[in-house]
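Written out below as structure tokens is the structure these notes cover.
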Amino acid sequence: MRRFPSKLPEVGTTIFTVMSRLAAEHSAINLSQGYPDFSPPPRLVELVGAHMRAGANQYAPMPGWLALREAVAQQVLAIHRRSICAESEITVTAGGTEAIFCAVQAVVHPGDEVILLEPAYDSYEPSVRLAGGTAVRVPLMRPRFDVDWERVRSAIGPRTRLLVVNTPHNPSGAAFARCDLEALADAIRGTDALVLADEVYEHMVYDGGLHHGMLGHEELAGRSLVVSSLGKTYHATGWKVGYCIAPAELTRELRKVHQFVQFSVASPLQAAFADFMTEAPAHRLELAAFYQAKRDHFCGLLGRTRFRCRPSAGTYFQLADYSAVSDLPDVEFTRRLTIEHGVAAIPVSVFSAPPPAERLVRFCFAKDEATLDAAGERLAQI
Ligand SMILES: Cc1ncc(COP(=O)(O)O)c(C=O)c1O
């Protein structure tokens, strides 16, 4: 075959796949990739089977199963007191990932600039590049990973089309306060910039904090594409079901892309989620307490090691500083941690370009207590 130019020459296999593979090869406890090692609620699984048997096996409507979109609209009303039109403002996607990709393709034109706050989830930048846009990177402030709104403001220019925010934030576990919404609204007021808000961890905010998402802010709700993930909320990441909420005008554009990327999402899964969200609102209401207990347990275990941590405000990730353990750069450190000590984690530098020199790794605590205990024991030996 003749050589052809790659559209994403620097992109290799994602770090999540690399670390999970390494963990499997070395029988390490895998706290790298972000998924639970426990099952979704049994009733939800039962509903999927029931809908398959009842015939929900053909293409779902392109924008999503209406009952599921209505359940999402009900939830938004309950949480944010905002009325969303299930018909014209909600699109069900193949996970948050597809929603992010379609949102970027829908609004970013060649030559547009997109502001990314780093460390940033790894799918944003390639999506921007494939749309012909350019990423403009603004680092989050250490050690708390707050947004430096002054820097955001100065990064915004006439070509800024989109600002990507992620709250609660992967990998840092930081979460927006109400004043961040005000600062964001202020920064883009009078510009043409839209917001892509990755809120896939919206139900995982700890210590009594609230999730401050775009839908809770009048001005931002009017110019945001908000992405969520049912996989994250219902311990079913492998089902890849998510959604995007956006004003009708933006939703129309998003669906033009979605219909040629995915067209529609697995029917029995959507039908089951629609039933379960209606039947069991307690699941999402109890999720924060469920994961906070895991966070506290894991931070307690880290307290017996030489890793240092500041408990996450949200997500199911915990950052840990390993400077008392090793001088190695984080990519090499996580390799050694996996191979020699049997615990896989994600190096944090891979979420930024160029990678900053810091001694931080990300652990996923969406695991059974026994898994966390076993990992804690191994980490305490280092
Ligand atoms: C910040 C963030 N956004 C989006 C996603 C993708 O979500 P999904 O699995 O629903 O595609 C993830 C998954 O890890 C994530 O951490």
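What number of residues within segment 46-62 are open to solvent by less than 70 Å² (accessible area, probe 1.4 Å) and either over 30 Å from THR17 (Cα atoms) or of a type in the set (A, V, I, L, M) (or both)?
Step one: filter segment 46-62 for residues open to solvent by less than 70 Å² (accessible area, probe 1.4 Å), giving 47-51, 55-56, 60-62.
From what's left, either over 30 Å from THR17 (Cα atoms) or of a type in the set (A, V, I, L, M) (or both): 47-48, 50-51, 55-56, 60-62.
Result for segment 46-62: 9.
Quick check on my filter: what residues within segment 138-164 are within 16 Å of the ligand (Cβ to nearest atom) and either under 15 Å from LEU196 (Cα atoms) or not hydrophobic (A, V, I, L, M, F, W, C) (or both)?
Keep residues of segment 138-164 that are within 16 Å of the ligand (Cβ to nearest atom), which gives 140, 145, 147, 162-164.
Selection gives LEU162, LEU163, VAL164.
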When the residues of segment 173-192 are filtered to those that are touching a Gly at 6+ places or on another chain (Cβ under 9 Å) and open to solvent by 10 Å² or more (accessible area, probe 1.4 Å), which remaining residue is nearest to GLY133 (Cα to Cα)?
THR191
Considering (1) under 30 Å from ALA345 (Cα atoms); (2) touching a residue at least 12 places away in the same chain (Cβ under 8 Å); (3) surrounded by fewer than 20 Cβ atoms within 10 Å (Cβ to Cβ), say which one HIS212 fails and leave the rest.
(3)
Just wondering, is there one or more residues in segment 255-262 that are open to solvent by 10 Å² or more (accessible area, probe 1.4 Å) and closer than 16 Å to VAL72 by Cβ?
yes
Sole exception among (1) open to solvent by 10 Å² or more (accessible area, probe 1.4 Å); (2) out of contact with any Lys or Arg (no Cβ under 6 Å at 6 or more places or on another chain); (3) closer than 17 Å to ALA71 by Cβ; (4) more than 12 Å from the ligand (Cβ to nearest atom) for SER229, by number:
(4)
Kindly indicate which of VAL18, VAL45 is away from the ligand (no atom under 16 Å from the Cβ) and of a type in the set (A, V, I, L, M, F, W, C).
VAL45
Would you please list the contacts, defined by Cβ atoms under 6 Å and residues six or more apart or on different chains, that run from a residue in segment 176-197 that is free of Cβ contacts under 8 Å to residues at least 40 places away in the same chain and in a strand (DSSP E or B) to a residue that is open to solvent by 10 Å² or more (accessible area, probe 1.4 Å) and aromatic (Phe, Trp, Tyr)?
none
Being over 22 Å from GLU253 (Cα atoms), modelled with pLDDT of 95 or more and surrounded by 16 or more Cβ atoms within 10 Å (Cβ to Cβ) is true for just one of ASN166, ASN170. Which residue is that?
ASN170
May I ask you to list the residues in segment 92-116 that are more than 17 Å from LYS7 (Cβ to Cβ), within 14 Å of the chain's Cα centre (by Cα) and part of a helix (DSSP H, G or I)?
GLY95, GLY96, THR97, GLU98, ALA99, ILE100
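What are the residues in segment 1-21 that are open to solvent by 100 Å² or more (accessible area, probe 1.4 Å) and over 24 Å from the mean Cα position of the chain (by Cα), if any? Let's see the steps before the verdict.
First pass over segment 1-21, keeping only residues open to solvent by 100 Å² or more (accessible area, probe 1.4 Å): 1-5, 7, 10, 21.
MET1, ARG2, ARG3, PHE4, PRO5, LYS7 - these are the residues of segment 1-21 that are open to solvent by 100 Å² or more (accessible area, probe 1.4 Å) and over 24 Å from the mean Cα position of the chain (by Cα).
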Restricting to segment 210-265, what's the tally of residues that are part of a loop (DSSP other than H, G, I, E, B) and among the aromatic types (Phe, Trp, Tyr)?
2
Name the one entry in ALA103, ALA99 that is closer than 30 Å to PRO311 by Cβ, within 12 Å of the ligand (Cβ to nearest atom), buried (at least 23 other Cβ atoms within 10 Å of the Cβ) and among the hydrophobic types (A, V, I, L, M, F, W, C).
ALA99
Failed criterion for ASP37 (all others in (1) within 24 Å of HIS212 (Cα to Cα); (2) open to solvent by 10 Å² or more (accessible area, probe 1.4 Å); (3) in contact with a helix residue (DSSP H, G or I) (Cβ under 6 Å, 6 or more places away or on another chain); (4) not in a helix (DSSP H, G or I) hold):
(1)
Among the residues of segment 122-159, which ones are crowded, with 19+ Cβ neighbours inside 10 Å, more than 12 Å from ALA353 (Cβ to Cβ) and of a type in the set (Ser, Thr, Tyr)?
SER127
Looking only at segment 333-381, how many residues end up being over 18 Å from PRO119 (Cβ atoms) and open to solvent by 30 Å² or more (accessible area, probe 1.4 Å)?
15
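The values are calculated or read from the model by the stated rules, or taken from the named source; none is laboratory data. Keep in mind the model is a prediction, meaning the values are calculated, not measured. Note: ideal-geometry Cβ built from the backbone for every residue, glycine included; neighbour counts use all protein chains shown. All accessible areas refer to the heavy atoms of the entire protein, side chains included, with ligands and DNA or RNA removed. Shrake-Rupley method; radii C 1.70, N 1.55, O 1.52, S 1.80 Å.
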